[in-house]
Amino acid sequence: MSNLFSIFDPTTEINSLPMNWTSTMVGLLLIPTSIWLTPSRNSMALNLLMNKLHAEMKTILSKGDQNKGNSFIFTSLFLMILMNNFLGLFPYIFTSTSHLTLTLTLALPLWMTFMLFGWIKNTNHMFEHLVPQGTPTMLMPFMVIIETISNLIRPGTLAVRLTANMIAGHLLLTLLGNNGPTMSHTLLTVLITAQILLLILESAVAIIQSYVFAILSTLYSSEVN
């Protein structure tokens, strides 16, 4: 028997292979080849978005470093998360970003890579980050503990933030949709209007959360240089 959280259940199987997770990459198959090869309004909009993101992330990565870092991985990460967030807004499409299985898989390897690189290549710089400039001597041991805990929970906060925001909006849409058959025509009109407004809000959340995930990952990368 289905319940409110059944929309997040990825256990639909075909020949013992979970097919819901294929939605993670199926969006790439739906993008027309002409968008990449032929100049058009859509390709121009995509290029404009990529250039804006590239410029912003390049600025973050190059702070305090003459050798500007490559922001390609972070712009690609943004597009992947954005694609999955938007796909989840369509009916009967599994929202993979509403699961820690995916979000933690993205956040944890990135964080571990940054930490390993920082502590191996820039050990003194990483130690400096544990004690902010101007910290009183008496507070230094506490600041080291606080900064260490803050660093350790970063992949968790990245993953949980994205997952929680995706779950919250989908649950609200599901709650409103389940009450539709029992309502009168007047209330049903109000409900449909509310769902349309909520869907617009969820579209904005999908963009914002993709941007936040990518930008925070970029910031964490810039701190180890």
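Residues in the stretch 104-123 that are open to solvent by 10 Å² or more (accessible area, probe 1.4 Å) and either over 23 Å from V160 (Cα atoms) or among the hydroxyl-bearing types (S, T, Y) (or both): T105, T113, F117, W119, I120, K121, N122, T123. Residues considered: L171, L175. Of these, the only one that is out of contact with any Phe, Trp or Tyr (no Cβ under 7 Å at 6 or more places or on another chain) and more than 17 Å from T97 (Cα to Cα) is L175. Of all residues in the stretch 186-201, at least one satisfies being surrounded by 11 or more Cβ atoms within 10 Å (Cβ to Cβ) and under 30 Å from S71 (Cα atoms). Residues in the stretch 132-173 that are open to solvent by 30 Å² or more (accessible area, probe 1.4 Å), hydroxyl-bearing (S, T, Y) and under 29 Å from T105 (Cβ atoms): T148, S150, T157.
For the stretch 87-103, filtered to residues that are surrounded by fewer than 18 Cβ atoms within 10 Å (Cβ to Cβ) and in contact with a helix residue (DSSP H, G or I) (Cβ under 7 Å, 6 or more places away or on another chain), the residue that is nearest to S222 (Cα to Cα) is L100. If you check A45 against the conditions, is it modelled with pLDDT of 80 or more, out of contact with any Lys or Arg (no Cβ under 6 Å at 6 or more places or on another chain), open to solvent by less than 70 Å² (accessible area, probe 1.4 Å) and among the hydrophobic types (A, V, I, L, M, F, W, C)? So A45 does not fit the description; no. Going by the structure shown, is M126 more than 28 Å from H99 (Cα to Cα) and surrounded by fewer than 16 Cβ atoms within 10 Å (Cβ to Cβ)? The answer is no for M126.
The values are calculated or read from the model by the stated rules, or taken from the named source; none is laboratory data. These numbers come from a predicted model, not from an experiment. Note that each Cβ is placed from the backbone with ideal geometry, even for glycine, and that neighbours are counted across all protein chains shown. Heavy atoms of the whole protein, side chains included, go into the accessibility calculation; ligands, DNA and RNA do not. Shrake-Rupley method; radii C 1.70, N 1.55, O 1.52, S 1.80 Å.
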